[in-house]
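Undergrad: First the structure, then my questions, so here it is.
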Amino acid sequence: MKYYARIGILLHRLRMIPLAWLNLPWRSQLLIAALSYVVGISGLWLLFPSTHNGVSMFLPIVIACWLFRYRGLLATMVLNGLTFQITYILLLRGLLPDQAFVVGGIVGFITSLGLGVIVCWLRAAVDQVRMARQQILAAEQQRLLVQLQEQQIALAYEQQRKINALKDQFLLNVSHELRTPLTVLGGSLEILNDFGERLDPTTRAQYMKHAIESQEDLAALVDRVLDATEIISDIPNAKPEAIDVRHFLQEMLAHLKAHEIAAYTVHLQMPDQLMVWADPQFLGQVLHNLFSNIFKYVPTRTEIHIEGVQAEPTAFININIQDEGPGIPADEISLIFEKFVRLKRDMGGPTRGTGLGLYICKQLMEAMGGRIWVESSGQPGQGSRFCLSLPPVTSR
Ligand code: ADP
């Protein structure tokens, strides 16, 4: 620190001493006043013979008035009177060698009184300023408190608004999902009811089949919503085990609906012995969600590339699933793993969905210590690449 900065700090501290005293406990203040008296009287008796005045008594009166205001003034007047009396007696007995004491004493007494009054006024002025400052500080604190409370209320309101928006979105998605199977079910039942007797057995069986399929669709939707709410509210703990990725994917592909997967050309590019540490149920559900999205959003007779990559032996293993569908627009990429989010182009479109599939994928991947993200140029035909990253078995 520069020397003039140090001098500045020192001067500031010195300037603050009189104010710092005001915050001391009254015992300490009394001690300071008593000490100033000792200094004052010694000064009086030592200096009086040579200087002919009691100026050293100014010190105790200034300090007493500063610390105790008019009470201090009264006390010092009494004590100064006593001190001058004793000094007078000492002079009369020849113990102090001056004769002009009486005049000096009276003048000293009057100037001390004047000085004390001035110090008392000064102290009153300082008290007023301190009080005003405290009031300003208290008002500022109150203002900040109110501001904080307002911010908290605004935050809570915003959260509530978001929850409501999510709820509305969820209801919109679900009601949209419900509409198609309900219409088919209602229509088929109506026809069967109105014309059942007059329909030939094949047509009747067809309407019956439509009704049953729609009912199954509805039941599946209810199950999906229930599953989703269960997963959202309480993700079970992952039970990870060593999984051979290639084998697992082949099994999973074999269990997809044959007519759905047969509509695409699937390329599986996966080294042997690629072992991840994952919960088979969670991973199965994630892959199932990704493939059911492909079946919903990616045109048939296109290619799907599945590749497994591990950059180095201990690195996380990536499973990338690339399709040739419409892709994800850049401004919506960061949103699609959020709850109830569907792309704008699919909202209200013919393809049904709750906007929960990818959100659930993200929760499940994170529960396994992994990650999921999507890469897409957003250009139709260039598709999307959903990437899963999972811990390798070797790192355990
Ligand atoms: P859902 O399919 O039930 O709407 P998801 O969370 O599974 O919900 O998907 C969110 C949105 O992401 C979908 O609505 C769809 O707009 C978009 N999406 C998902 N997968 C693909 C994909 N492979 N290609 C293009 N868009 C997709």
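The values are calculated or read from the model by the stated rules, or taken from the named source; none is laboratory data. Keep in mind that what you see is a predicted model, and the values were worked out from it rather than measured. Heads up, the Cβs are rebuilt from the backbone with ideal geometry, glycines too, and the neighbour counts pull from every protein chain shown.
Undergrad: Kindly indicate whether any position in segment 56-75 is of a type outside the set (Lys, Arg) and modelled with pLDDT under 85.
TA: Looking for residues that are of a type outside the set (Lys, Arg) and modelled with pLDDT under 85, one finds at least one in segment 56-75, hence yes.
Undergrad: So, of the residues in segment 324-359 that are farther than 22 Å from Leu221 by Cα and assigned to a loop (DSSP other than H, G, I, E, B), which turns out to be farthest from the ligand (Cβ to nearest atom)?
TA: Among those that are farther than 22 Å from Leu221 by Cα and assigned to a loop (DSSP other than H, G, I, E, B), it is Ser334.
Undergrad: Could you tell me whether any residue of segment 55-70 is of a type outside the set (A, V, I, L, M, F, W, C), farther than 22 Å from Leu115 by Cβ and surrounded by 10 or more Cβ atoms within 10 Å (Cβ to Cβ)?
TA: Checked segment 55-70: no residue is of a type outside the set (A, V, I, L, M, F, W, C), farther than 22 Å from Leu115 by Cβ and surrounded by 10 or more Cβ atoms within 10 Å (Cβ to Cβ).
Undergrad: How many residues are surrounded by 20 or more Cβ atoms within 10 Å (Cβ to Cβ) and part of a strand (DSSP E or B) when one looks only at segment 379-391?
TA: Selection size over segment 379-391: 4.
Undergrad: OK, next. Identify all residues within segment 281-317 that are without any contact (Cβ under 8 Å) to a residue 60 or more places away in the chain, more than 16 Å from the ligand (Cβ to nearest atom), out of contact with any strand residue (DSSP E or B) (no Cβ under 6 Å at 6 or more places or on another chain) and of a type outside the set (Gly, Ala, Ser); write none if there are none.
TA: Gln281, Glu312
Undergrad: What is the residue count in segment 380-396 for residues that are more than 31 Å from the chain's Cα centre (by Cα) and more than 12 Å from the ligand (Cβ to nearest atom)?
TA: Total satisfying the criteria: 5.
Undergrad: Further question: Would you pick out the residues in segment 366-378 that are surrounded by 20 or more Cβ atoms within 10 Å (Cβ to Cβ), among the hydrophobic types (A, V, I, L, M, F, W, C) and away from the ligand (no atom under 13 Å from the Cβ)?
TA: Result: Met368, single match.
Undergrad: Follow-up. Go through segment 261-289 and report how many residues are of a type in the set (Gly, Ala, Ser), touching a Pro at 6+ places or on another chain (Cβ under 6 Å) and in a loop (DSSP other than H, G, I, E, B).
TA: Count: 0.
Undergrad: When you scan segment 205-225, do you find a residue that is part of a helix (DSSP H, G or I) and modelled with pLDDT under 80, even just one?
TA: Yes, segment 205-225 contains at least one residue that is part of a helix (DSSP H, G or I) and modelled with pLDDT under 80.
Undergrad: Out of all the residues in segment 287-308, is one or more surrounded by 18 or more Cβ atoms within 10 Å (Cβ to Cβ) and among the hydroxyl-bearing types (Ser, Thr, Tyr)?
TA: Checked against the condition, which is being surrounded by 18 or more Cβ atoms within 10 Å (Cβ to Cβ) and among the hydroxyl-bearing types (Ser, Thr, Tyr), segment 287-308 yields at least one hit.
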